[in-house]
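Structure, as structure tokens:
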Amino acid sequence: DVKVTQSSRYLVKRTGEKVFLECVQDMDHENMFWYRQDPGLGLRLIYFSYDVKMKEKGDIPEGYSVSREKKERFSLILESASTNQTSMYLCASRGGGNTEAFFGQGTRLTVV
Amino acid sequence: GENVEQHPSTLSVQEGDSAVIKCTYSDSASNYFPWYKQELGKRPQLIIDIRSNVGEKKDQRIAVTLNKTAKHFSLHITETQPEDSAVYFCAATGEGGATNKLIFGTGTLLAVQP
């Protein structure tokens with residue numbers, strides 16, 4: 001079974017802190033994604049990566065950056081956390097071609 | 001870039017009735033259209049998908065139709081059961097490199113009343 005693992009289930013951070021959310025997948029998938037899920041807004045794409053060191057902005061990249069130094073790991077970075085970044089963050093990975101995306105368990109981030 | 005619109009945002013049906021959720025997409029290069037189900041407190045999981053060279057696909061009580069000309073696709077659930085209650089997301093994507101961007105609709109909360 002494909003496993004997509006996010007480093008934390010719950011996080012509480014202070015405004016202005018630098019926050020790292022980590023995601024690891026074990027199926028050698030080329031594509032990895034970071035989404036933000038808020039009620040009524042669905043799954044909004046923050047960033048995605050289709051290869052090591054390659055990244056593409058999604059619909060809401062402002063205030064975020066990403067890093068993909070190794071194929072299995074995709075990190076989301078909040079350079080200076082703000083209260084409007086309080087949300088559920090979901091990582092996903094997907095192989096090449098028209099294939100299924102698999103999601104991590106999500107990280108509930110609260111910025112106070 | 002791709003934009004996916006999904007309707008309705010909420011849907012309430014009686015057990016045994018059918019449910020239909022509709023999505024439209026904007027990028028004619030999109031060629032893969034998956035549907036995900038997210039139960040409360042759980043991660044989204046794929047329930048069915050359709051590729052652009054197919055007009056319809058069925059899996060037991062679930063079916064998906066695709067109209068490439070109109071750029072819309074729909075999820076049909078027949079004989080709904082209480083365990084079908086969840087949030088459903090449609091998505092669209094292309095294939096290859098940067099076009100692998102997977103964009104989701106805003107979701108439909110389906111409530112099946114017993």
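The values are calculated or read from the model by the stated rules, or taken from the named source; none is laboratory data. What you see is a predicted model, and the numbers here were worked out from it, not measured in a lab. Ideal geometry is used to build each Cβ from the backbone, glycine not excepted, and the neighbour counts take in all protein chains shown. Only protein heavy atoms, including side chains, enter the accessible area calculation; ligands, DNA and RNA are left aside. Shrake-Rupley method; radii C 1.70, N 1.55, O 1.52, S 1.80 Å.
Structure notes:
- Enumeration of residues in the range A:72-96 that are among the small types (G, A, S), within 14 Å of chain B (Cβ to nearest Cβ) and in contact with a Gly (Cβ under 9 Å, 6 or more places away or on another chain): A:A92, A:S93, A:G96
- Residue match in the range A:54-71 (condition: closer than 30 Å to B:S52 by Cβ, part of a loop (DSSP other than H, G, I, E, B), more than 14 Å from chain B (Cβ to nearest Cβ) and over 12 Å from the mean Cα position of the chain (by Cα)): yes
- Those residues of the range A:77-112 which are closer than 15 Å to A:E30 by Cβ, assigned to a loop (DSSP other than H, G, I, E, B) and of a type outside the set (D, E, K, R), in sequence order: A:G95, A:G96, A:G97, A:N98, A:T99
- Qualifying residue in the range B:26-37 (condition: in contact with a strand residue (DSSP E or B) (Cβ under 8 Å, 6 or more places away or on another chain), more than 24 Å from A:R44 (Cα to Cα), open to solvent by 30 Å² or more (accessible area, probe 1.4 Å) and not in a loop (DSSP other than H, G, I, E, B)): no
- Failed item in (1) open to solvent by less than 70 Å² (accessible area, probe 1.4 Å); (2) of a type in the set (A, V, I, L, M); (3) over 18 Å from A:E100 (Cβ atoms), with A:L41 passing the rest: (1)
- Condition met for A:G97 (closer than 15 Å to B:A98 by Cα, free of Cβ contacts under 8 Å to residues at least 24 places away in the same chain and not aliphatic (A, V, I, L, M)): yes
- The range B:69-114, residues that are under 12 Å from the mean Cα position of the chain (by Cα), within 14 Å of chain A (Cβ to nearest Cβ) and either of a type in the set (S, T, N, Q) or assigned to a loop (DSSP other than H, G, I, E, B) (or both): B:G105, B:T106, B:G107, B:T108
- Some residue of the range B:51-60 being touching a residue at least 40 places away in the same chain (Cβ under 8 Å) and assigned to a loop (DSSP other than H, G, I, E, B): no
- Inside the range A:6-50, residues that are at positive phi and either of a type in the set (A, V, I, L, M, F, W, C) or within 14 Å of chain B (Cβ to nearest Cβ) (or both) make up a count of 2.
- Only residues that are exposed (fewer than 13 other Cβ atoms within 10 Å of the Cβ) and touching a Gly at 6+ places or on another chain (Cβ under 9 Å) were counted across the range A:6-27, and they come to 1.
- Lone qualifier among B:E95, B:E83 - being free of Cβ contacts under 8 Å to residues at least 40 places away in the same chain and farther than 19 Å from B:C23 by Cα: B:E83
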